[in-house]
Structures are given as structure tokens and as C-alpha cells.
1. Mind checking whether some residue in segment 276-284 is open to solvent by 50 Å² or more (accessible area, probe 1.4 Å), within 16 Å of ligand 1 (Cβ to nearest atom), of a type in the set (Val, Ile, Thr) and touching a strand residue (DSSP E or B) at 6+ places or on another chain (Cβ under 7 Å)?
2. Filter segment 158-173 down to residues that are within 21 Å of residue 194 (Cα to Cα) and at pLDDT 90 or above and give me whichever is most open to solvent (accessible area, probe 1.4 Å).
3. For the condition within 16 Å of ligand 1 (Cβ to nearest atom) and closer than 25 Å to residue 190 by Cβ, what is the one hit in 310, 326?
4. All but one of (1) part of a loop (DSSP other than H, G, I, E, B); (2) more than 26 Å from residue 233 (Cβ to Cβ) hold for residue 146, so report the exception by its number.
5. Go through segment 84-101 and count every residue that is assigned to a helix (DSSP H, G or I) and of a type in the set (A, V, I, L, M, F, W, C).
6. For segment 267-284: of the residues being of a type outside the set (D, E, K, R) and within 30 Å of the chain's Cα centre (by Cα), which is nearest to ligand 2 (Cβ to nearest atom)?
7. Among the candidates 193, 128, single out the residue that is hydrophobic (A, V, I, L, M, F, W, C), free of Cβ contacts under 8 Å to residues at least 12 places away in the same chain and assigned to a helix (DSSP H, G or I).
8. Looking only at segment 26-45, count how many residues are surrounded by 14 or more Cβ atoms within 10 Å (Cβ to Cβ) and charged (D, E, K, R).
Amino acid sequence: MRRGVITRESVLKTVAEHDELGREAFLSKYGFGEARAYVLVHEGREYDSKAIAGVAHKWDQERALAPSEFSGGKDHAAAWLKRLGFHVRAVKNPDWTRDEIILACDLVMNNEWKGLDVQSSQVIELSALLQLLPIHAEADRNEKFRNPNGVARKTFDIATRHPEYRGKPTNGGSLDVEVLNEFLARPDEMAEAARLIREGITSGEFQGLDLAGDEELDDDFSAAEGRLLMRRHLARERNKGLRKKKIDSVLRKGGSLACDACGFDFEEVYGERGAGYVECHHVVPLHEAGEGRTRLSDLALICANCHRMIHRRAPWPTPADLKVSIEQYKSEKRAGSAGIGQQRAATAERSSGPTPAPTRA
Ligand SMILES: [Zn+2]
Ligand SMILES: [Zn+2]
């Protein structure tokens, strides 16, 4: 069985079988459920993309593909059908991401925390802007993607979650509330983040960032200011030329390449292999780092572990903050293990008579 090796002809034959049996009978015959993510649109009718692609296998392969055999991405069937020149449509638009909610929340804040109507010029403008955001792949969007209706609804979802709103919240999810709380706690910074996101989209700067397929940012990276600004932050600090300049300037001044937070020195541990290596972290907060050149003084030297820990959870500590917390944790642990040592000694004393007091506190 070679999954996905199907032809246009076999898909058309499957569509014909579907029309003959009727949708329900067709789906139950082959054990498929209703399409939740994508539908195949053919001659004005919609078909469950997974079922059609799966059953098409029976003409080209020895048998139809079972629903459980679509391992991996939810868009496998859609991709196969598209490759054969069929039109595939996303059933449901992707959930709003933090970046998008930041932009909507900014409108709501500027509107005295009230929702905006669908005819409002700001809603229409934001709708157009969101369509330019490189966060959601074209294939995942349908024709209603972030239309003025949806944008207006989102502004009410946010407004009705405001602590001073008296009434039932319309809808929306926990991410709306999270972003709203960021705006309430840090209004100026979040407004500035919204401004920078807009600036990045309209200048085209974000178009080169492939966020749709950016798996790296899924788990262990988070920022209150959203993915676009974070992606730009990472791109800046990974800029090889910039890193080299920073390293050269530190070495020229006779400094070492030890981590600013924990003191780890790659050369000291790895010898020749680690010589001249260290990562750079851009210390300017995301809501302040607009366009323009990165100064060398904006970069801190940081080891790979500490760097990961900084970006792991928002708000990001500075290398100096991280250094303090590493030292604090170390001394807490030392105090803790000294306590355990004394306890052990005390237990030993009770069970086997007098023993010398521990020499180390
Ligand atoms: Zn470190
Ligand atoms: Zn960094």
C-alpha cells in the first residue's frame, strides 16, 4: 500500500460512487466520519476530503485506505487532492492566535473597552491587515477568514470579558482573556507591541518569516507580545554577522565568552571544539525593539541552556535576572541539603547512640 498514490481519475470514480450511494451510506460503507477540517469542492458540491481520498485508493491500490491509516498531519488527504488539481476548502477557519488577538484588543482598548461594529472603519482595516499576516497557511483559510464580521465579533468577545463589563461574555476563549489581562496590566507596552506588529506587517518585514510551519515556536517559546515579534527577535540574535561582531568586540577588549547568566564557557568545557562559540540574546524587550539596527550593546552573551530557559516562559528574565535566580536556587538547595544532612545525623544518633556531629553545615 503506497499511501497518497492516487490519480485524478480514481478520485472522480470515487466521487461518482459517493453520488450514487448518498453521503451517509458512502461514509458508513467505508467507516469514515464527517470531514472536520477540509472538504473537496467539485462541480459545486462538497465532499468529505478524507473519505474521498481514502476510498480512491481502492482503484489504484489494492484496497481503500481506512480512516486510521491517515497518520500524521490532518491535511494529508487535502494535500493529495490538491496535488491532483482539485479544489479543497477548509471547513473551519483556524483559531485566533495571540498576535491577532493583540491587534483586536488594541482596537477595543482604544474604543474605551467597547466592541466595534462591523461597519466600523477600524474593523474593516484590521480585517484587511489580518489577511496579510503570515501566520495561517492559505490552505487553512476559507472565504470567511477574518472578514469584518469575524473581526467585529472578536472585539465583542474581548470587550465582554473586561472585568468591568456587566453582563454575559459573548464567547471567546482563554487566550482572549490572557491577552486582555496583559493589556490591563501593561497597557502602554502592549499597545506598543500592537503598533510594532502592524508596522512589521505593512512594511512587509514579516512576510519572509514562515510562521505557518514554524514548529520550533510551539512548545518551549512563549512571549506575551506574540509570535511575530518573537520571531523577529530570534532572527536578529541568530544573525551570524551580528554575532561575530559581538564576539570579536568582546575578545578585542580582552573579555571572555562566558555566559552572562551562569558563567559557562564553551571552550573551557569542549576545548578547541567550543572555542569562539557562544549564543547572543537580544536584551531589548520585544515591545521596544522596533525596526532599525541592533546595537552590539543590545546583545548579551549567553550559553545555549540559559538562552532556552530565558525564552521558555514569558516574561523573559534578563541574563542578570536569570543569574540572580540561579544563585538563589543554588543557595536554597544548599540550605535544603544541609537541613537533610542534619536530619539524617539526628536519626542516626537516635538509632545507634551518639555519633560525631556533622562536620559540614
Ligand atoms: Zn548559561
Ligand atoms: Zn534570545
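1. Yes: segment 276-284 contains one or more residues that are open to solvent by 50 Å² or more (accessible area, probe 1.4 Å), within 16 Å of ligand 1 (Cβ to nearest atom), of a type in the set (Val, Ile, Thr) and touching a strand residue (DSSP E or B) at 6+ places or on another chain (Cβ under 7 Å).
2. 161
3. Testing whether each residue is within 16 Å of ligand 1 (Cβ to nearest atom) and closer than 25 Å to residue 190 by Cβ leaves just 310.
4. Only one criterion is unmet by residue 146, namely (2).
5. The total comes to 1.
6. 281
7. None of the other options fit; the residue is 128.
8. So the answer is 1.
The values are calculated or read from the model by the stated rules, or taken from the named source; none is laboratory data. Computed from a predicted model, the values in this text were never measured in an experiment. Backbone-built Cβ (ideal geometry, glycine too); neighbour counts: all protein chains shown. SASA here: full protein model, heavy atoms, side chains in, ligands and nucleic acids out. Shrake-Rupley method; radii C 1.70, N 1.55, O 1.52, S 1.80 Å.
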